[in-house]
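Chemist: Before anything else, here's the structure in question.
Values in this text are rule-based calculations from the coordinates and carry no lab data. Since this is a predicted model, take the numbers as computed values, not measurements. Heads up, the Cβs are rebuilt from the backbone with ideal geometry, glycines too, and the neighbour counts pull from every protein chain shown.
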Amino acid sequence: MKSILIAAGIAALSVNALVSEAQASEINPWQHCGIGAMIFDDNTTAAAISNVIWDSGTTAITSATVSPDTCNSQEVNVANFIDTTYDVLVAETAQGRGEHVVTALNLVGCDASSQNVEALRSGLRQDVAAESYPTADHADKAYSYYQTLQQTAVACG
């Protein structure tokens, strides 16, 4: 356990420079909830890494859902929706239409315009093309989709 936390801390320090101030200030269940956020309350990158290492982010999502006052409940709802519907959401995103895609976009305040759906499709294409995608676990894939959805929300907002 101790070595996992040390490894998470080292990894966080090396990638912390990549996290912009805007990203760090947004509420995100993987970064702002769960065990990782309790341990690394001032370092969202370390919190996210710790949550993923600890249990693939499950505790972060669960704690956010059970204790919504600890996180922004809308962001938790978005993360929970992606987590529970990921397979269908990916299939619909690849097709460029579907009830789950519309719901995901609505949850972040976007309409289901072709431009917004295409932004999601583009992000998904990049994710699937990554060499690590086939072996990535569910939480990593869901988190990547979450990030793409958040970027889409900023663009349409």
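Chemist: Using 0.36 nm times the number of residues separating Gln95 and Cys156, minus their current alpha carbon distance, what extension gain do you get?
Modeler: 19.9 nm
Chemist: Tell me, what ³J(HN,Hα) does each residue in segment 141-157 have, in order and in whole Hz, if you take phi through Karplus 6.51 cos²θ - 1.76 cosθ + 1.60 with θ = phi - 60° and put x for Gly and Pro?
Modeler: With coefficients 6.51, -1.76 and 1.60, one gets 5, 5, 5, 4, 5, 4, 4, 5, 5, 5, 5, 5, 5, 5, 5, 8, x Hz.
Chemist: Another question, then. Spin-label point model (7 Å from Cα, Cβ direction): what's the Ser113 to Ala136 distance in nm?
Modeler: 2.7 nm
Chemist: Report the relative contact order of segment 72-157, percent, no decimals, based on alpha-carbon pairs under 8 angstrom and at least 6 residues apart.
Modeler: 34 percent
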